[in-house]
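Undergrad: To start, I am sharing the structure in question, which I have written as structure tokens.
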Amino acid sequence: LPAFTRMGGTASTQAELAPINSPGDTSINYGGNEEETSSGGVKGNGGCLDRYFKISERGSTVRTELIAGAINFVANSYLLVLMPKILEQGGVDPKIAISAFVLSTAMGSLMVGLLANLPVPVGPGLGCAAFFAYGLTGSRTTVDRAITEMGITCCLLSGCVMLVLGVLDLPRRIFGIVPIPVKHSMPIGLGLLLSLCGFQQMGLVVA
């Protein structure tokens, strides 16, 4: 997405680092549907959405962002089916699992969008769900409620720890020192995990 890809770029001039309505910013065009005002600032045509999310400033339009958001939702909608299936193996009621997943994803994505101004969906990770179902609780034929509750408690504590680390900005710094080959291998590992989960549901893998 345009608003996200600019995060990794480097500004070519000092003027690009200045706010959109700063005194020195009189001739910059960010590529969006915008027009220059008499005071030298840039006015987008998306109304309050454009001003709040700085859509025109980042070279995009409201229509483009809405389409990108819809595509993002469709691309991640498989989790609505897969996540409850995985958590059910760990003893969690599928109805409770899907409700918790939808609510936590909606809240996380709204917070990232409204507070950090980033078009990034945030929610429970598939790898964490698989670790909960097949690691912490063990994916047994008979579900032990006590073990399931212990697993949920561990997830709650780990979430609190990650919240503290996020406030201290440590995850970004740690991820910055991860070797590039490891970063490239993460999507491959996620794909293999999805394949394994699918094969288990099909009965091709029983171990």
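Undergrad: Roughly how much of SER60 is accessible, in Å² to the nearest 10, using a 1.4 Å probe?
TA: The accessible area comes out at roughly 10 Å².
Undergrad: May I ask you to derive the FRET efficiency for LEU115 and VAL182 from their Cβ-Cβ distance with R0 = 30 Å, giving the value to the nearest 0.05? Could you put the intermediate results ahead of the total?
TA: Numbers: r = 29 Å, r/R0 = 0.97.
The computed FRET efficiency comes out at 0.55.
Undergrad: Can you figure out the FRET efficiency of ILE71 with ARG145, using R₀ = 45 Å and their beta-carbon distance, to the nearest 0.05?
TA: On the way: r = 40 Å, r/R0 = 0.89.
Once rounded, the FRET efficiency stands at 0.65.
Undergrad: Using 0.36 nm per residue, how much length does the chain from ILE96 to LEU80 gain when fully extended, once their Cα-Cα distance is taken away?
TA: Details: separation 16, 0.36 × 16 = 5.76 nm, distance 1.22 nm.
4.5 nm is the gain from fully extending ILE96 to LEU80.
The values are calculated or read from the model by the stated rules, or taken from the named source; none is laboratory data. Keep in mind that what you see is a predicted model, and the values were worked out from it rather than measured. Note that we place each Cβ from the backbone using ideal geometry, even for glycine, and neighbour counts take in every protein chain shown. Each accessible area value is taken on the protein alone, full model and side chains, heavy atoms only, with ligands, DNA and RNA left out. Shrake-Rupley method; radii C 1.70, N 1.55, O 1.52, S 1.80 Å.
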